[in-house]
1. Of everything in segment 269-320 that's among the hydroxyl-bearing types (S, T, Y) and free of Cβ contacts under 8 Å to residues at least 60 places away in the same chain, which residue is surrounded by the fewest Cβ atoms within 10 Å (Cβ to Cβ)?
2. Pairs, please: C-beta under 9 Å, at least 6 apart or cross-chain, first residue in the same structural domain as D104 (by TED's automatic domain parsing) and under 17 Å from E170 (Cα atoms) and in segment 136-147, second among the hydrophobic types (A, V, I, L, M, F, W, C) and assigned to a loop (DSSP other than H, G, I, E, B)?
3. Tally time: how many residues in segment 85-108 are outside any helix (DSSP H, G or I), surrounded by fewer than 24 Cβ atoms within 10 Å (Cβ to Cβ) and not aliphatic (A, V, I, L, M)?
4. Let me spell it out: the conditions are (1) loosely packed, with under 13 Cβ neighbours inside 10 Å; (2) modelled with pLDDT under 90; (3) on the phi > 0 side of the Ramachandran plot, and A327 meets all of them except one. Which number is the exception?
5. Evaluate segment 40-47: report whether one residue or more is in a helix (DSSP H, G or I), of a type in the set (G, A, S) and modelled with pLDDT of 95 or more.
6. Regarding E20, is this residue assigned to a helix (DSSP H, G or I) and at pLDDT 95 or above?
7. Touching a residue at least 12 places away in the same chain (Cβ under 8 Å), more than 22 Å from F175 (Cα to Cα) and part of a helix (DSSP H, G or I): does that describe R26?
8. From the residues in segment 294-321 that are in a helix (DSSP H, G or I) and at pLDDT below 90, which one is farthest from F184 (Cα to Cα)?
Amino acid sequence: MNTSSTHTVPGPIVLFGSGETSPSGRKVFDRLLSKLPPSPRLALLETPAGFELNSARVIGRVAEFFQQRLQNYHPLVETVPARQRGTPFSPDAEAILEPLLQADLIFMGPGSPTYAVRQLRDSLAWHYIIARHCLGATLALASAAAIAISCCALPVYEIFKVGDDLHWKEGLNLFGLYGLQLVFVPHWNNAEGGAELDTSRCFMGQARFARLMQMLPAELTVVGLDESTALLIDPQNGQCHVSGLGGVTLLHTGHNHPGYAPNLAGSGLDEIAEQRNGHVHYYHNGERFPLSEIGPFRPYHPQANLPSAAWQRALQASQAEAPSAPAGPPPQVVALVQERQAARQRKDWPASDALRQQIAALGWDVKDTPNGPEITQHQ
């Protein structure tokens, strides 16, 4: 079989600032599961909490949430106990990773970001996750997992609990696949410390976070995720959607453009952006914006970049599930749709019309809907 011509349609990526099993989180998962096949298969990865003695119980509570709160979808929920390398429950132990290959949705959440990075980097589990995502599975990442998939991961517990000097760790860099250098910071608006202790910015506080920002390389974007809030990113249609009780902050560094002046007085973010030749966006619950606002998204070709054995195994599992599944739009069309969304966002209607014509010339139609663009092939 020649896989070089295989068109992949990546699934949505959903990041939670916290509250993934709260009522606001349930609303997000309700939206996600409604778009999955009947009785969807859910794989819950235990790795971020794998160092804890009760890690099975930690992920078990999430499984109960899906089984009890979303029972109308009749999900088949399986946990993946990929806890620690060098043990029978290793992220490289193929025997326990089968649910990843069958999953319609893959979830990772509570635990330690740095532990998750150490266990998953270059592991078979991570390769399967990427492959399955490229073949359409939804990735839902919360708390520790959201930090771990950053290009630079914030070592929260090492700094906040242990007292280590301020530093960053190299992350799993999921969005590096798409040419984006992103740092995710959940608990962005945390207020547990009350008036006496600033615990915002994932327990770092504004002053300490400003110093951490100085340690980051240029040309990246920090994505701040408020608590009980999710950011839904759809690489296929190039759209992002904020859902929850708070909002999402984009702190760009290394580039600037006029026209964005959110009211962030007292947050210190404008000063950070100015120091790093950047700018700030803030999006409230319910708002949508093009993926291009996060950065210049480029298609990813898993068959050329993943280990061949892992990609072939994931591809075989996918084809065994749905041998007649229609092919999605090729990367060139997806890129044009995203470019058109950016043109519409800046109200450049001539450019938008010209891009629609280019898309049509390639055999595809784009329809604008309240949920973002829908891409269909000419009949």
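The values are calculated or read from the model by the stated rules, or taken from the named source; none is laboratory data. It should be emphasised that the depicted structure is a prediction, and the values quoted were computed from it without experimental measurement. All Cβ positions, glycine included, derive from the backbone under ideal geometry; neighbour counts span all protein chains shown.
1. Within segment 269-320, the match that is surrounded by the fewest Cβ atoms within 10 Å (Cβ to Cβ) is S308.
2. Close Cβ pairs satisfying both conditions: I147/L154.
3. Counting residues in segment 85-108 that are outside any helix (DSSP H, G or I), surrounded by fewer than 24 Cβ atoms within 10 Å (Cβ to Cβ) and not aliphatic (A, V, I, L, M) gives 8.
4. In the conditions (1) loosely packed, with under 13 Cβ neighbours inside 10 Å; (2) modelled with pLDDT under 90; (3) on the phi > 0 side of the Ramachandran plot, A327 misses (3) alone.
5. No, segment 40-47 contains no residue that is in a helix (DSSP H, G or I), of a type in the set (G, A, S) and modelled with pLDDT of 95 or more.
6. For E20, the condition - assigned to a helix (DSSP H, G or I) and at pLDDT 95 or above - is not met.
7. Here the answer is yes, as R26 does meet what is asked.
8. Among those residues, the one meeting the criterion is A320.
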